[in-house]
Amino acid sequence: MHALTKQVGAGDTHLTILQDIHLQINSGETVAIIGASGSGKSTLLALLAGLDLPTSGKVYLDQVDIFLLDEDQRAALRSKVLGFVFQSFQLLPALTALENVMLPLELANTDQASEKARQLLTRVGLTQRLHHYPKQLSGGEQQRVAIARAFVTMPKLLLADEPTGNLDAETGEQIIDLMFELNREQGTTLVLVTHDETLSQRCSRQIRLSHGKIV
């Protein structure tokens with residue numbers, strides 16, 4: 001990314017969330033984005049994914065300047081190269097665990113979507129929960145489904161926003177172990193937003209934000 005800036009509001013309510021961010025993340029890296037609440041971490045992650053638009057600056061994803069694309073084109077690019085794990089899981093309540101993980105494969109017209117989803121849900125320890133709905137799953141189980149959904153397309157880049165923020169310490173540690181295992185197995189570039197200094201130290205690089213700037 002180059003000279004990435006995000007501002008909101010105008011006049012007396014003007015607020016700069018990110019200012020002149022320059023950052024290169026290499027293939028296969030594990031990177032932690034750390035900093036206090038309000039430092040711009042989640043906004044940076046959303047911009048990396050093309051889920052939000054900057055005031056100025058560029059983000060290149062798979063060598064494509066994503067902000068030269070329209071919304072549909074960005075969504076198509078994300079479906080090919082990007083996985084996203086949200087703090088709040090973002091599972092579809094009307095779909096079972098299996099159907100939630102199958103969804104990105106079906107949207108991409110991938111063959112054997114059900115079998116691939118089953119394999120990854122087994123990999124994350126949810127063999128017995130395939131046909132349960134999100135409301136029937138614990139927080140840790142829902143996050144495992146979310147991780148399976150993110151990894152099932154074998155993305156080049158996985159973004160995770162406070163992936164353990166809603167989990168107890170033991171479950172959170174299990175989730176992080178799982179993410180790093182899948183990162184190693186698939187060679188996926190992993191970028192984590194986290195408040196957890198211990199978790200950040202497990203990454204190959206730490207990027208600290210303060211008041212919208214890298215420090």
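The values are calculated or read from the model by the stated rules, or taken from the named source; none is laboratory data. Treat the numbers as computed from the prediction; the structure is a model and nothing was measured. With ideal geometry, Cβ positions are generated from the backbone for all residues, glycine too; neighbour counts draw on all protein chains shown. Areas reflect the complete protein model, heavy atoms only, side chains present, ligands, DNA and RNA absent. Shrake-Rupley method; radii C 1.70, N 1.55, O 1.52, S 1.80 Å.
Quick notes
- Taking the range 80-172 and dividing mean pair separation by its residue count, relative contact order in percent (alpha carbons under 8 Å, at least six apart): 49 percent
- For the chain, the dipole from Cβ point charges (+1 on Lys and Arg, -1 on Asp and Glu) about the Cα centre works out to 180 debye, to the nearest 20.
- Computed on the range 140-215, with alpha-carbon pairs under 8 angstrom and 6+ residues apart, the relative contact order is 31 percent.
- Summed over qualifying helices (DSSP H, 4 residues or more, each -39500 (n - 2.57)) and divided by its residue number, the chain shows a 222 nm mean residue ellipticity of -11000 deg cm²/dmol.
- Shape analysis of the chain yields a ratio of the Cα radius of gyration to the Kirkwood radius, Rg/Rh, of 0.97.
- Cα gyration tensor category, rounded, prolate or oblate, for the range 28-72 with a/c compared to 1.5: oblate
- The mean accessible area for residues of the chain, using a 1.4 Å probe and ignoring ligands and nucleic acids, is 50 Å² per residue.
- Shape call, the range 1-80: gyration tensor on alpha carbons, a/c limit 1.5: oblate
- Karplus-based coupling profile of the range 97-112, in residue order and whole Hz: 4, 4, 5, 4, 6, 5, 3, x, 5, 5, 5, 8, 6, 7, 5, 6, with θ = phi - 60° in 6.51 cos²θ - 1.76 cosθ + 1.60 and x standing for Gly or Pro.
- The range 61-215: Lys pairs at Cα distance under 28 angstrom, eight or more positions apart or on different chains: 5
- With all protein chains modelled, accessible area of Glu141 [1.4 Å, Å²]: 40 Å²
- On the beta carbon distance between Ser210 and Leu107, with R0 = 45 Å, the FRET formula returns roughly 0.75.
- Fraction of accessible area attributable to carbon and sulfur, the chain (%, probe 1.4 Å): 48 percent
- Stretch gain in nm, segment Ala10-Gln24, where the contour uses 0.36 nm per residue and the Cα spacing is subtracted: 2.0 nm
- Estimated distance in nm for a label pair at Leu51 and Arg202, the labels positioned 7 Å out from Cα along Cα-to-Cβ: 2.1 nm
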